[in-house]
Each structure stands twice: as C-alpha cells, then as structure tokens.
Ligand code: HEM
C-alpha cells in the first residue's frame with residue numbers, strides 16, 4: 001500500500017472532474033492575484049497568465065485524476081522567487097477556502113493533503129538553498 005498521495009495510483013476522488021479543476025484554478029488565481037500578501041509576487045513574476053493557468057490546470061489534473069497532462073518541474077520557478085513561509089501559509093489558506101467553496105469539504109480535503117505536501121517540499125527546498133534548516137509544517 002502506497003501511503004503517499006502524490007504517488008499513489010488512481011483518482012483522488014470519483015466526483016472530481018476536469019472542468020471543476022479548471023474552475024478551481026481560475027477562481028483561485030483570480031483571488032491570489034488580488035491578495036495583498038502574495039498578489040504582488042505573482043503579478044511581478046507572471047508574464048502570460050493564460051499560459052500559467054493552463055499549466056496549473058494540467059498540474060492539478062495530473063495529480064487528482066492521473067491524466068498525465070503535466071510533466072514539468074514544478075519546483076524550479078519557485079526557487080527564483082522571494083518566498084517565505086508566511087507566503088505559503090496564505091497560498092494554502094486561500095486555496096483551501098476556494099476548494100471548499102467549489103467542491104465541499106470532503107474533496108477540498110483531498111486537494112489539501114496534496115497541496116500541503118507540495119508546499120512543504122517547496123518550502124524545504126527553498127530553505128535548503130538559503131542555508132536554513134526547515135521541517136514540514138503542513139503535511140505531518
Ligand atoms: C505564495 C506561493 C506561491 C507563489 C507566489 C507562486 C508563484 C509561481 C510563479 C510566479 C510561477 C511561474 C509562472 C510563470 O512563469 O508563468 C509558478 C509556477 C508554478 N507553481 Fe507556483 N507559486 C506558489 C506556490 C505554489 C504551490 C503551493 C504550488 C502547488 C501546490 C504551486 C504550483 C506551481 C506549478 C505547478 C507551477 C508551474 C511550474 C512549471 O512547470 O514551470 N505553486 N508559481
């Protein structure tokens with residue numbers, strides 16, 4: 001039994017659809033861009049929002065539905081950004097709120113198990129490059 005939700009085979013939940021994932025992504029990034037804390041980071045770094053949203057939709061489709069549409073290196077762009085733990089906390093809070101509104105708490109939980117792990121992976125990798133020792137804060 002594979003207990004890591006990022007590598008376990010099969011869909012995360014039978015009621016999740018690709019159109020709903022696309023709605024989650026457009027709604028979430030619409031809010032993230034306007035957020036007082038993380039909005040400025042996105043708005044400085046993203047040149048082509050259509051491309052970013054398509055990439056992120058493929059990313060979540062691959063994670064939740066195992067469609068294989070994303071095969072990039074998700075960590076890379078984050079290593080160049082001025083990201084601190086507080087930014088990840090805000091990202092996750094906004095993502096959870098949006099996922100709960102669109103899918104309800106049960107499916108939102110499935111998204112959050114995965115989002116928390118990925119955010120921790122990013123946070124720890126960024127910390128390591130800067131010489132800070134960090135431990136998982138969201139996925140334990
Ligand atoms: C405050 C936190 C975050 C900020 C400010 C941020 C910002 C960004 C930016 C600026 C890019 C590059 C976009 C472009 O060049 O068009 C990016 C790419 C991406 N982000 Fe984030 N991000 C954050 C957290 C996360 C988290 C928690 C996840 C996943 C759970 C995530 C998933 C991705 C993915 C999959 C990509 C595309 C990578 C690629 O294939 O190039 N991000 N992000």
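Exposure proxy shown here: for 64, 112, the number of other Cβ atoms within 10 Å sets the order, fewest to most, as 112, 64. Tell me the relative contact order for the chain as a rounded percent, counting alpha carbon contacts under 8 Å between residues six or more apart. This gives 25 percent for the chain. Projected label points at residue 93 and residue 20, each 7 Å from Cα along the beta carbon direction, are separated by 2.6 nanometres.
For region 84-140, the orientation-averaged shadow of the C-alpha convex hull comes to 3.6 nm² (one quarter of the hull surface). In the chain, the calculated helix contribution to ellipticity at 222 nm averages -21000 deg cm²/dmol per residue, counting -39,500 (n - 2.57) for every DSSP H run with n ≥ 4. Diffusion of the chain by Stokes-Einstein, at 25 °C in a medium of 0.890 mPa s and with Rh set to the Kirkwood radius over alpha-carbon pairs, works out to 157 µm²/s. Normalised by 2.2 N^0.38 Å, where N counts its residues, the alpha-carbon radius of gyration of region 9-56 equals 1.36.
Readers should treat all values here as calculations from the given coordinates under stated rules, not as data from a laboratory. Since we're looking at a predicted model, the values are computed, not measured. All Cβ positions, even for glycine, are placed from backbone atoms using ideal geometry, and neighbour counts span all protein chains on display.
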